[in-house]
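Trainee: Just passing along the structure, written as structure tokens.
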Amino acid sequence: MNKTIILESRPVGKPKLSDFKKTKDEIPQIKAGEILLKTAYVSVDPYLRGRMSDAKSYAVPFELHQPIKSGIIAEVTESNHNGFSKGDFVSGLLEWKEYQKSDGSGLLKVDPSKAPLSAFLGVLGMTGLTAYLGLTEIGKPQKGETLVVSGAAGAVGSIVGQIGKIAGCRVIGIAGSDDKVDLLKAKYGFDDGINYNTTNDLNEAVATLCPDGVDIYFDNVGGHISDGVLGNINKFARLIICGSISTYNETTVPVGPRVEPLLIKNSALMQGFIVGNYATKFPEAVKQLAIWLKEGKITYSETIEEGFDHIPQAFIDLFEGKNNGKMIVKI
Ligand SMILES: NC(=O)c1ccc[n+]([C@@H]2O[C@H](COP(=O)([O-])OP(=O)(O)OC[C@H]3O[C@@H](n4cnc5c(N)ncnc54)[C@H](OP(=O)(O)O)[C@@H]3O)[C@@H](O)[C@H]2O)c1
């Protein structure tokens, strides 16, 4: 039998296990021009929370009682398609199913001899692209500038900080535990870090660690953490609004300080970022990330949960900060 995870109810506030349901059906039969895929690794990502709600956004909402989709690495176990052979591995936006068929649309072959398969969901996949393109296209880092990264020990944030160091920036990360702050410095080469859970005055903490002010802010979390950073921006600062995980589970519209005067006073740029808008730059970005990875200039962490049934819990754990680097479920 073939297992599937469907969206049983739209989460209200923090997602719960009961918002998801496991169903079983037959393993599909493939026709001419189709392949059978066996799921190997599933990416769980904070942005999926937005698709579980029916509010209008840049991506269409998941339908109730239908399978959830995310980035998946799968093995081709049967092929009636000229472009794919049994034993190939592919990545794509696929359904949370153990087995599924495909006509190959939207799938990319991945080469397990180039990097571990899970890396194609992280540093060499959507999260690496987000870090690279958000920072280079909007942040435009210059040597000697100060870069602050929130969600710094996560999949995107940990790569952003390392690219910032390659660009010659002073890099400060904000994360949710002392262990994560230690990791930022010891593993990813950040200059310093702030544990937002033990810091009363984030504005002051950022000011202390950024004596020359903040030139670039790569924001993965939004909310009061960002309020603390914004009080320290320099003239011509660039604020990359990549994610807002601290507000994804809010049931009322969050309010905070008005940012307009700060942006005007500092001639600062605040720009929302969606990685899909930069698709034409994906090949050059992946090429650069792969070179840095090979040269040992960047590294990455993964939290790998095991078992198909654990996908919903791994997703929920993102909102508790239980991951270091990319959260992945190995099937
Ligand atoms: N715009 C795009 O194209 C794009 C693409 C990819 C990702 N994103 C966004 O980028 C952000 C990071 O994504 P990711 O895949 O790299 O996830 P991630 O950072 O690996 O995982 C989420 C992390 O968020 C932190 N977090 C959870 N709840 C929080 C809260 N209330 N306040 C502050 N931090 C909280 C946790 O770390 P701590 O322990 O430090 O709290 C957790 O580990 C997300 O907001 C995501 O939506 C955007």
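Trainee: Quick check on this structure: which one of Lys24, Lys16, Lys38 is among the basic types (Lys, Arg) and either surrounded by 14 or more Cβ atoms within 10 Å (Cβ to Cβ) or within 17 Å of Asp103 (Cα to Cα) (or both)?
Mentor: Lys38
Trainee: Return the residues of segment 206-234 that are over 23 Å from Tyr132 (Cα atoms), more than 10 Å from the ligand (Cβ to nearest atom) and surrounded by fewer than 21 Cβ atoms within 10 Å (Cβ to Cβ); say none if nothing qualifies.
Mentor: Across segment 206-234, the qualifying residues are Ala207, Thr208, Leu209, Pro211, Asp212, Asp227, Gly231.
Trainee: How many residues are farther than 21 Å from Asp19 by Cβ and away from the ligand (no atom under 11 Å from the Cβ) if we restrict to segment 310-331?
Mentor: Final tally of qualifying residues: 1.
Trainee: Quick check on my filter: what residues within segment 219-245 are aliphatic (A, V, I, L, M), touching a helix residue (DSSP H, G or I) at 6+ places or on another chain (Cβ under 8 Å) and not in a helix (DSSP H, G or I)?
Mentor: Across segment 219-245, the qualifying residues are Val221, Ile233, Leu239, Ile240.
Trainee: Does Ala115 satisfy the condition of being more than 28 Å from Ile35 (Cα to Cα), out of contact with any Gly (no Cβ under 6 Å at 6 or more places or on another chain) and part of a loop (DSSP other than H, G, I, E, B)?
Mentor: no
Trainee: Checking Pro261 against (1) within 12 Å of the ligand (Cβ to nearest atom); (2) farther than 17 Å from Ile138 by Cα, which test does it fail?
Mentor: The one condition Pro261 does not meet is (1).
Trainee: Is it true that some residue in segment 297-318 is closer than 16 Å to Ala131 by Cβ and in a helix (DSSP H, G or I)?
Mentor: No, segment 297-318 has no match at all.
Trainee: Working carefully through the options Val206, Val181, find the one that is among the hydrophobic types (A, V, I, L, M, F, W, C), without any contact (Cβ under 8 Å) to a residue 40 or more places away in the chain and assigned to a helix (DSSP H, G or I).
Mentor: None of the others qualify; the one that does is Val181.
Trainee: Cβ contacts < 6 Å: first residue farther than 14 Å from Ser9 by Cβ and modelled with pLDDT of 95 or more, restricted to segment 43-57; second residue within 8 Å of the ligand (Cβ to nearest atom) and in a helix (DSSP H, G or I), any location; separation 6+ or different chain. Result?
Mentor: These pairs meet every condition: Pro46/Ile245; Pro46/Leu318.
Trainee: Which condition breaks for Val253 when tested against (1) in a loop (DSSP other than H, G, I, E, B); (2) near the ligand (Cβ under 9 Å from one of its atoms); (3) without any contact (Cβ under 8 Å) to a residue 24 or more places away in the chain?
Mentor: All conditions pass for Val253, except number (2).
Trainee: For segment 59-86, give me each residue that is part of a loop (DSSP other than H, G, I, E, B), within 19 Å of Ala155 (Cβ to Cβ) and touching a residue at least 40 places away in the same chain (Cβ under 8 Å).
Mentor: Ile68 - this is the single residue of segment 59-86 that is part of a loop (DSSP other than H, G, I, E, B), within 19 Å of Ala155 (Cβ to Cβ) and touching a residue at least 40 places away in the same chain (Cβ under 8 Å).
Trainee: Would you mention how many residues in segment 96-116 are touching a residue at least 40 places away in the same chain (Cβ under 8 Å), surrounded by 20 or more Cβ atoms within 10 Å (Cβ to Cβ) and within 20 Å of Lys326 (Cβ to Cβ)?
Mentor: Residues that pass the stated criteria total 1.
Residue-by-condition table, conditions (1) over 17 Å from the mean Cα position of the chain (by Cα); (2) acidic (Asp, Glu); (3) over 30 Å from Thr208 (Cβ atoms):
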site	(1), (2), (3)
Ala55	yes, no, yes
Phe62	yes, no, yes
Ser70	no, no, yes
Ser113	yes, no, yes
Val123	no, no, yes
Gly139	yes, no, no
Ala155	no, no, no
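Trainee: Out of curiosity, is Ala153 of a type in the set (A, V, I, L, M), modelled with pLDDT of 95 or more and within 14 Å of the ligand (Cβ to nearest atom)?
Mentor: Against the criterion (of a type in the set (A, V, I, L, M), modelled with pLDDT of 95 or more and within 14 Å of the ligand (Cβ to nearest atom)), Ala153 qualifies.
Trainee: Take the residues in segment 312-330 that are buried (at least 21 other Cβ atoms within 10 Å of the Cβ) and of a type in the set (A, V, I, L, M); name whichever of them is farthest from Gln100 (Cα to Cα).
Mentor: By that ranking, first place goes to Leu318.
Trainee: Are any residues in segment 159-175 more than 7 Å from the ligand (Cβ to nearest atom) and closer than 16 Å to Tyr196 by Cβ, and if so, which ones?
Mentor: Within segment 159-175, Gly161, Ile172, Gly173, Ile174 qualify.
Trainee: Mind checking which residues of segment 270-295 are more than 16 Å from the ligand (Cβ to nearest atom) and not small (Gly, Ala, Ser)?
Mentor: If the condition is that a residue be more than 16 Å from the ligand (Cβ to nearest atom) and not small (Gly, Ala, Ser), then Pro283, Glu284, Lys287, Gln288, Ile291, Trp292, Leu293, Lys294, Glu295 are the ones that fit.
The values are calculated or read from the model by the stated rules, or taken from the named source; none is laboratory data. Just so it is clear, the model here is predicted, and its values are computed rather than measured. Quick reminder, even Gly has a Cβ in these numbers, built from the backbone with ideal geometry, and neighbours come from all protein chains shown.
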